[in-house]
Amino acid sequence: MKSLSHLFLIDPVAMARIDAAADQSCIPLYDLMERAGQAVAASALRHYPQAVRFVVLCGGGNNGGDGYVAARALLQSGAAVAVHHLGDVAALKGDARTAFERSGVMPLPLGDYTPLAGDVVIDAVFGAGLSRDIPPELHRVIDAVTDAGAPVLAVDLPSGLCGRRGVPLGASFKAERTVTFVGRKPGHLLMPGRELCGLLEVFDIGIPARILAAHAGSVAENDPLVWRDALPRSGMETHKFRRGHLTVFSGPPHATGASRMTALSALKAGAGIVTIAAPKQALDVLSVTLTAVMSTGMDDADDLRRWLDDKRHGAFVLGPGFGDLEKARQFVSLLGDRAVVLDADAITAFKDCAETLFERMTSGSGKFVLTPHEGEFARLFPDLAADTALSKIERAQLASVRSGAVLVYKGADTVIAAPDGRALVNSNAPVSLATAGSGDVLAGIIGALLAQGTPAFEAAAAGVWLHGEAGSRAGAGMTAEDLAHAVRPFA
């Protein structure tokens, strides 16, 4: 059964603390290495019974030690095994040296490896802690393995992949399968790392859950276990206003489609009432295209002030198809005490005055969710977007602290971050979500949850997950309209 501890994403620094805490708890680190290597060998035998030969590529650290344990276990099973080592095997120290000495193998130089038909490569050169570009010798082997099409089983992470950022450091193996231990690393879920890891197996090698919980940090995979208890519960006596009234702002008559998809998605996600607030000249268009969604005329800031006099109007989505950037800035200035999703044009409106936006979001008592894609993120946070030393998680966390808003940093690996440091990486989104209007649907789902009283971080995280589920439900070839109709509340 999945638990919250299984959702943690453990960066290399935290993993080092976990290993140290295990050692201090009198858990021999070589015992952990032995279990890890045995798990790798078991996975190799289970998934590659057709292998003519297992080729174990070992490095000089503990990842290489796992490889030597795996090589010994494979030999004991009767498999054909070859081992190649990066660097001088005489330089091995500590547990890795113990694993080498107990393996009974004499490795060949890594650069001497040439893939043969029937080879299955077990990649134990570098683990999650790699922080520099790989050496040319390994780069050549990666190219040769890739060209040969040999299947790769990676130990911890494919060598060359940064465990913190999920990006290749010069080059990386593309694994069919990856075996990791204790918990997943950010690089297992962040793109392109997720694709480079292939199918992922996580093995418990005996580190107590109390140690994991004490050192894992505040980053995890997005999952209902994180936020389901924060979602609204509808009793028998509920009514539409208790389920929340969401206002979605619309653009001019020729650009109402985005707001309509946002509004429909919000209704499908459980909002009790959804109203599109549009320029009065757009009301005729809306009247012939809306059924359950209501509409109201709203031309300027005075109209919005009158709308805000009704305290039932507590949640808003601003940005999809809005168009008028000056009016967007005016409207944001009036929404500081409400629950607001800012998307698309509402983000672009502040590209030259981001600090003004941040001040407006933090000066009131409202709850704000920003939903930028990569380009919009760069408009508000150009320095963070340009800093390649940061992971996407770290960029989102810093942006959330700076802005005071919950941040939904969109993409195939959407990151949800809160100003208090919590962050989630989403992994249930199908590739079909990369279609025009998909973000409008997401904004509507998050807005619906805010309207129902869900806290901003949980509303954003649940909205992203429900968006992914709707994409899977709608299937390949969907349009944004299909996606909106596929939205369902969490059950």
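The values are calculated or read from the model by the stated rules, or taken from the named source; none is laboratory data. Every value quoted in this text rests on a predicted model; they were computed, and no experiment measured them. So basically every Cβ, Gly included, is an ideal-geometry build from the backbone, and we count neighbours across all protein chains shown. Just the protein is used for accessible areas: all its heavy atoms, side chains included, with ligands, DNA and RNA removed. Shrake-Rupley method; radii C 1.70, N 1.55, O 1.52, S 1.80 Å.
Descriptive notes on the structure:
Condition check ((1) small (Gly, Ala, Ser); (2) in a helix (DSSP H, G or I); (3) open to solvent by 20 Å² or more (accessible area, probe 1.4 Å); (4) closer than 15 Å to Phe368 by Cα) across all residues:
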| position | (1), (2), (3), (4) |
| --- | --- |
| Ala443 | yes, yes, no, yes |
| Leu449 | no, yes, no, yes |
| Gly453 | yes, no, yes, yes |
| Ala459 | yes, yes, no, yes |
| Leu466 | no, yes, no, no |
| Gly471 | yes, yes, no, no |
| Met478 | no, no, no, no |
| Phe490 | no, no, yes, no |
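- Residues that are surrounded by 17 or more Cβ atoms within 10 Å (Cβ to Cβ), in contact with a helix residue (DSSP H, G or I) (Cβ under 6 Å, 6 or more places away or on another chain) and among the aromatic types (Phe, Trp, Tyr) occur at least once in region 164-173.
Yes/no per residue for (1) of a type in the set (Phe, Trp, Tyr); (2) touching a residue at least 24 places away in the same chain (Cβ under 8 Å):
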residue: Asp11; (1), (2): no, yes
residue: Met15; (1), (2): no, yes
residue: Ile18; (1), (2): no, yes
residue: Tyr30; (1), (2): yes, yes
residue: Ser43; (1), (2): no, yes
residue: Pro49; (1), (2): no, no
residue: Arg53; (1), (2): no, yes
residue: Asn62; (1), (2): no, yes
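- Filtering region 142-161 to residues that are over 23 Å from Thr114 (Cβ atoms) and open to solvent by 10 Å² or more (accessible area, probe 1.4 Å) leaves only Asp156.
- First in region 144-160 and closer than 22 Å to Gly187 by Cβ, second anywhere and of a type in the set (S, T, N, Q) and surrounded by fewer than 24 Cβ atoms within 10 Å (Cβ to Cβ), Cβ under 7 Å, 6 or more apart: Leu153/Ser43
- Taken together, the residues in region 205-221 that are assigned to a helix (DSSP H, G or I) and either touching a residue at least 40 places away in the same chain (Cβ under 8 Å) or open to solvent by less than 20 Å² (accessible area, probe 1.4 Å) (or both) amount to 6.
- Members of region 360-383 that are closer than 20 Å to Gly444 by Cα and touching a Lys or Arg at 6+ places or on another chain (Cβ under 6 Å): Gly366, His373
- Subset of region 339-376 that is small (Gly, Ala, Ser) and within 22 Å of Leu246 (Cβ to Cβ) - its residue that is surrounded by the fewest Cβ atoms within 10 Å (Cβ to Cβ): Ser365
- Test: residue in region 103-116 that is in contact with a His (Cβ under 6 Å, 6 or more places away or on another chain), crowded, with 20+ Cβ neighbours inside 10 Å, at pLDDT 95 or above and of a type in the set (A, V, I, L, M): yes
- Failed condition for Arg228, given (1) of a type in the set (D, E, K, R); (2) assigned to a loop (DSSP other than H, G, I, E, B); (3) touching a residue at least 24 places away in the same chain (Cβ under 8 Å); (4) more than 28 Å from Ala154 (Cβ to Cβ): (2)
- Selection count, region 416-428, where residues are under 19 Å from Ala344 (Cα atoms) and either without any contact (Cβ under 8 Å) to a residue 24 or more places away in the chain or not hydrophobic (A, V, I, L, M, F, W, C) (or both): 0
- Meets criteria (open to solvent by less than 30 Å² (accessible area, probe 1.4 Å), aliphatic (A, V, I, L, M), at pLDDT 95 or above and touching a His at 6+ places or on another chain (Cβ under 6 Å)) for Leu9: no
- For region 58-102, a tally of residues being of a type in the set (Gly, Ala, Ser), surrounded by fewer than 16 Cβ atoms within 10 Å (Cβ to Cβ) and under 22 Å from Pro12 (Cα atoms) returns 1.
- Under the condition of being more than 15 Å from Gly439 (Cβ to Cβ), within 29 Å of the chain's Cα centre (by Cα) and open to solvent by less than 20 Å² (accessible area, probe 1.4 Å), the residues counted in region 251-268 number 0.
- Of the residues Arg243, Arg233, the single one that is loosely packed, with under 13 Cβ neighbours inside 10 Å, on the phi < 0 side of the Ramachandran plot and either at pLDDT 95 or above or in a loop (DSSP other than H, G, I, E, B) (or both) is Arg233.
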